[in-house]
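Have a look at the structure below, then the notes.
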Amino acid sequence: MSIGNDYPRFTLEERLTPEQNEFFDTYGFLHFRGFIDAAQVQALIQASLEVQAKWVEQKVEKVYGVPIKYGKDLDGRPIVQRFAFANLHSQVLAQFLTEPRFKTLFPLVGAPDTRVGADEKDGMVINHYVNGPDSAYSRLGWHTDGLRDIFLGSRLNPLLNVGVHLSTLGIEHGGLRIIPGTHRQKLSQFLFRKRYFLDHDADPEELAIVPTAGDLTVHDGRLWHRVAQSQVVGEASRRRVIYIPVISGKYAPKDGLSPTPLYQRFAGLVK
Ligand SMILES: O=C(O)CCC(=O)C(=O)O
Ligand SMILES: [Fe+2]
């Protein structure tokens, strides 16, 4: 069974419905409309700008060993294009991580120790893409989010990446592209379907996640995905999305002394 860009958009209620569970099982992702309202979207963007101002001023290079990606905005000013552990630097963002509705998604992981990773993985990630002459970050090559576990020598624990979308986009603005169903692939496909972060070409089976600001998406840690570059330049290409790790397995907190994972050194090299 294949689906395209007109895949169903759901609404997140108190519990996942059988239809939603089945969809996730089959395709490895779900898209919910209107998880937060416009005022909450603005508050989260504002919080990210405040963290950015601090980090730019203090020239923060890493948080808990995870490199922070900088670039230039359309006006040439320095911006943070990938935040890690943003929740540790903002009350508003820390509070958002405790949003009880994230728990509604936990059954998708199917492990008893499922949790939101506040001080694990990369914590709350905020991606800010803009396609301008000096942007350092306007696309991201094919990958799965689970590979780092293998890089770190541990087994792949079930994990979800929960996206909270802060921009309203069209397909021409690039954005998240996924290959539905790849969460059920063999290990060899998980490792070698594409060259991690190096391959950017559109896949015949990919579909485009086209969000409205306030939407929530969730994808399985084994699902292949990429971020396509916007076909338009300038303000219309601005795209912000928050990612929240929903994880299981042994508690593995990071701290100020955590080394930079090999995985991230590699990801940093191959924009
Ligand atoms: O920006 C996105 O929508 C996806 C980013 C992503 O895949 C990642 O940071 O791992
Ligand atoms: Fe990813």
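Each value in this text was obtained by applying a stated rule to the coordinates, not by laboratory testing. Model, not experiment: these values are computed from the prediction. Using ideal geometry, Cβ is built from the backbone for each residue, glycine included, and neighbour counts are taken over all protein chains shown.
Starting with the fewest neighbours, write out Phe192, Phe10, Phe24 ranked by other beta-carbon atoms found within 10 Å of each beta-carbon.
Phe192, Phe10, Phe24
Near Lys250, which lysines are there with a Cα under 25 Å away, not counting those fewer than 8 places off in the same chain?
Lys62, Lys103, Lys121, Lys186
Report, please, the projected area of the range 1-127 averaged over directions, based on the convex hull of its C-alpha atoms, in nm².
Spelled out: convex hull of the Cα atoms, projected over all directions, averaged, 10.0 nm².
Taking H as built 1.01 Å from N, whose amide H comes closer than 5 Å to the amide H of Asp73, not counting residues under 5 places away?
Ile79
222 nm [θ] for the chain, helices only, -39500 (n - 2.57) per DSSP H run of 4+, per residue, to 500?
Computed mean residue ellipticity for the chain: -6000 deg cm²/dmol.
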